[in-house]
Structure formats: structure tokens, C-alpha cells
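Written out below as C-alpha cells is the structure these notes cover.
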Amino acid sequence: MQQAEYKIKLPFFEGPFDLLFHLIKKAEVDIWSISIAEITDQYLSYLQSMKELNLDIASEFLVMAATLLRLKSKLLLPRPTHRGEQEEDEDLFEINTAEELFQRLEEYRIFKETALNLQKREEEQQKIYLRSTGGQKVMVFTRPETVYTIWEGANHLSDIMHRFAEATLTDAYVPAFSAVEDFVVAEKSDYIQSVLLKYRRPLPLKDFINAEGLWEVIVTFIALLEMARRRKVILLQEGTFGTIFVTLNQESLHEEGDSGEGKTEKDD
Amino acid sequence: MEKEKQKKTIEALLFLSEEPEKVDKIAAVLSTAPEEVTDLIRELQRDFAQASRGLQIFEVAGGFQMGTLPELAPYLEKAFSEDISSNLSTAALEALAIIAYKQPVTRIEIESIRGVRSEHVLENLLKRKLIRVSGRKEGPGRPLLYNTTPDFLKYFGLMDLEDLPPLEMEKQE
């Protein structure tokens with residue numbers, strides 16, 4: 001452990017193409033005029049130094065080494081190419097000629113350099129700070145006819161609000177909130193509870209909003225909120241913007257026991 | 001609603017919004033024509049510039065958004081250093097570049113260009129919502145197809161996919 005360690009820093013390469021590209025650049029040659037023999041030797045000696053440094057060599061690098069050696073040997077021992085015996089190897093590269101190698105390198109170069117351009121844009125854009133509330137939704141209620149969600153991009157709950165808002169903004173419809181009668185909401189709550197009792201598992205919130213009318217949407221929504229508030233149901237969400245599930249609060253069932261199933265346990 | 005108030009409303013709306021807001025949506029809110037909204041936003045942009053404010057309104061991902069001026073970044077970074085989002089790795093950028101220009105594209109196609117396996121990179125990009133699975137390719141194995149998302153545009157400050165920087169084709173130096 002105490003022996004002097006050589007700290008030789010090898011540049012990191014994303015993959016064999018990246019390494020080859022680096023070698024070509026170092027040799028200051030054009031992709032199309034590389035000598036396969038030379039590049040193969042350089043490539044192998046690089047892998048050798050990785051090995052000496054006990055670095056893990058990803059399998060892709062080795063596959064490329066094999067590919068390069070094959071190309072090199074082909075050049076040294078020109079023979080009629082009989083395509084028949086082309087092995088069905090699981091070659092990530094499937095490069096059979098130098099020409100093909102050049103093409104692949106060129107394609108890689110295009111995207112590598114384009115990625116650098118994107119990186120510049122990333123940097124630029126990250127200099128602009130945006131408002132962030134940590135993904136919380138803010139709904140703005142002003143007057144009944146101008147209810148809308150400001151945040152977009154979320155599904156589910158805000159979808160519902162959006163349908164609501166769209167209808168509110170476009171439908172020729174008459175006043176909203178003040179007209180929501182208690183009994184309608186109560187009716188809806190009963191319905192929601194009966195559905196949940198029947199299925200006895202969490203159901204997506206969306207499933208309860210199947211009706212077309214704006215009125216239905218509002219009532220269902222208010223009923224659910226009301227039930228959640230009274231702890232009759234639990235609303236579950238797996239992470240921000242995840243699907244919202246509605247499930248019965250088992251505790252409340254036992255406590256109240258007022259829903260059909262009779263046999264109330266007596267508690268104070 | 002008179003013009004001045006519309007303008008104020010747009011400013012307030014963009015101030016509150018975490019996402020680019022589409023002109024059509026603002027127009028619906030104000031019950032006015034989209035062209036009207038665009039004009040008002042342009043006016044706001046000029047107002048902001050002339051009043052030498054720390055904020056700007058810019059166009060991105062098909063909408064408008066309010067953000068800080070780039071030159072303030074060093075100071076804001078000091079103030080909010082804890083929530084700086086980490087930059088993308090070179091590998092992620094490579095994969096993203098391929099997806100952006102070749103979409104829809106399969107994992108194998110991406111790997112064949114990069115010459116390395118890219119599962120983890122794709123997972124990471126999916127998690128960051130910069131790409132999405134858009135379907136399956138017909139053919140053997142029916143591999144998943146990947147596309148970029150609106151978040152991708154926002155992340156790089158692009159209006160739309162046309163706004164991508166040109167591919168680095170044959171460069172004669």
C-alpha cells in the first residue's frame with residue numbers, strides 16, 4: 001500500500017471511436033487518410049497502457065481492437081473476399097473494410113462535435129435562472145369564469161383542472177361555484193365510496209372523472225377533495241406529477257361504520 | 001380589458017409561470033387575439049430592456065418565459081448554489097445529439113454510432129425527461145424508439161427542433 005504509485009493520468013474516452021478519434025487528431029491526419037496499420041498499433045499500445053495501470057477495459061474497446069487487427073491482417077494478406085464465411089458474430093461494430101471504419105468514424109465525429117455545440121447551448125441556458133417552486137402547482141382562482149392553472153406539463157390533477165378551465169373559458173355556461181349544491185356533492189361522495197368499496201383497491205383519480213359535462217367534473221373534484229379532507233379517502237401519489245390514486249381510508253370505515261356494512265364496533 | 005392591463009397581466013402570468021407559456025393560452029385568458037398577445041410581449045421585452053431590469057422575457061419551446069439575465073449568473077449561483085442542476089455528461093450529450101437529429105431512433109442505432117453500450121445513459125436521460133419512448137420500431141424484436149421531449153427544448157433554450165444547431169458536417173479547416 002505504501003509503495004510509490006505512479007500517477008499517470010490517461011485521458012478518459014467515451015468509447016473506442018472516441019479513442020480512435022483522439023489518436024487521429026493527435027496524428028494530425030484526416031479521417032479518410034489514416035493508415036490502418038499505424039492506427040491499430042497506436043490503439044493497441046493505448047490499451048496496453050490501460051492494462052498496465054490496471055484500468056478496467058470495457059469490452060467495446062477489445063472488440064474494436066479485434067476489428068482493427070482483422071482489418072490490418074486483411075491489408076497484409078490480401079485474398080479474395082469470399083463473403084460466404086462471414087461469421088455471425090455479435091459484433092457491435094460490424095466493420096469489415098477500412099472504408100466502413102472511416103465512415104463510422106466520420107459519423108461519430110459529426111455527433112461528437114454536435115454534442116459539443118449542444119453543451120455550449122446548455123451552458124448558455126443554465127445562465128438563465130427560472131422561477132421554480134419545486135414543481136408545486138399554483139391554481140389561480142379569480143372569478144368563476146377565469147379559473148385556470150398556470151402550470152402546464154403535469155398530468156392528472158392538472159389535466160382535470162385543465163378540462164375544467166377549458167370548459168370554463170369556452171363554454172357558454174352559467175355561474176359556477178356558488179351554485180354547487182351540497183346534496184349533489186354528497187351524492188357524488190356516496191357514489192365514489194360505493195365504487196371504492198366494490199373494488200377494494202386504489203383507483204386512479206382520473207377514473208372518477210368520466211363524464212363529459214363540466215358540472216360532473218367540478219362536482220367529482222369537490223367531492224373527492226371533501227372526502228379527503230374528512231379522511232374518508234386517501235389520495236396517493238407516487239412522486240411529483242405521478243398518477244394520483246384514490247383509496248378508502250380503512251380507519252375511517254372502522255370508526256364510522258356508517259356505510260351500509262352494519263356491524264359497527266362500539267367505540268367511544 | 002384595456003391594453004395596459006393586458007400587458008400587466010401578461011407580465012404577472014409570465015412571472016408566476018415555471019414553464020414557457022403559449023401565446024394561444026395567454027390569448028384565451030385575456031380573451032384577445034394571439035397576434036395582440038405577441039405584440040404586447042414584444043413591448044414588454046422592450047420595456048424590460050429599456051428599464052435595465054434583471055429579468056428578461058425570452059422565447060423557448062414554442063412559448064414565452066421569464067428568466068434572469070445571463071450576466072447575473074455568477075451572483076445568482078452564489079445565492080442559490082444548492083439547487084444548481086448538474087450538467088449532462090459527455091456520454092449523455094452524445095446520445096442526446098444522436099436522438100435529437102435522428103429521432104425516432106432505437107438504442108441499437110445510438111450504440112452503433114457511439115460504439116459503446118448506452119443503456120445507462122438512456123435511463124438517465126429518460127429520468128431527466130429529456131427523452132421519451134415514442135413507440136416501437138416495426139421489425140425483429142420491435143425495439144423501443146426514442147424521441148426528445150419539450151423539456152429537451154427548454155433545457156437547451158431551443159424554440160423547436162428546427163432551431164437545433166446544424167450538424168457538424170464535413171468541416172474543412
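Rule-based calculations on the coordinates, nothing more; no lab input. Here the structure is a predicted model, which means the values were calculated and not measured. Neighbour counts run over all protein chains shown; Cβ positions are idealised from the backbone, glycine included.
Some observations on this one:
- 10 Å Cβ neighbours from other chains, averaged over peptide A:102-109: 3
- Entries in A:K25/A:K112; B:K22/B:K127; B:K5/B:K154; A:K51/A:K112; A:K120/B:K129 that, when Cα-Cα distance is taken, lie over 18 Å: B:K22/B:K127; B:K5/B:K154; A:K51/A:K112; A:K120/B:K129
- As a proxy for reagent exposure, B:M169, A:M64 were ordered by neighbouring Cβ count within 10 angstrom, fewest first; the result is B:M169, A:M64.
- 12 Å beta-carbon shell around B:F156, net charge (K/R +1, D/E -1): -3
- Long-range amide H partners of B:K22 with built H, under 5 Å: B:F64
- Take each residue in B:114-121, count the other chain C-beta atoms within 10 Å of its C-beta, and the mean is 6.
- Where only alpha carbons of segment B:49-141 are counted, the Rg and the Dmax (Å): 18.3, 61
- Compactness of segment B:1-160, taken as the C-alpha radius of gyration over 2.2 N^0.38 Å, stands at 1.31.
- Just checking the listed ones, B:G157, B:G141, B:G63: in the Gaussian network model of chain B with Cα springs under 10 Å, the one fluctuating most is B:G141.
- Across peptide B:145-157, the average count of Cβ atoms from other chains found within 10 Å of a residue's Cβ is 2.
- For segment B:103-173, the Kirkwood hydrodynamic radius from C-alpha pairs, put into Stokes-Einstein at 10 °C and a viscosity of 1.306 mPa s, yields a diffusion coefficient of 117 µm² per second.
- As a proxy for reagent exposure, ranking A:Y43, B:Y155, B:Y146, B:Y101 by other Cβ atoms within 10 Å from fewest up yields B:Y101, A:Y43, B:Y155, B:Y146.
- Residue ranges B:28-35, B:11-18, B:46-53 sort as B:11-18, B:28-35, B:46-53 when ordered by packing (mean number of other C-beta atoms within 10 Å per residue, highest first).
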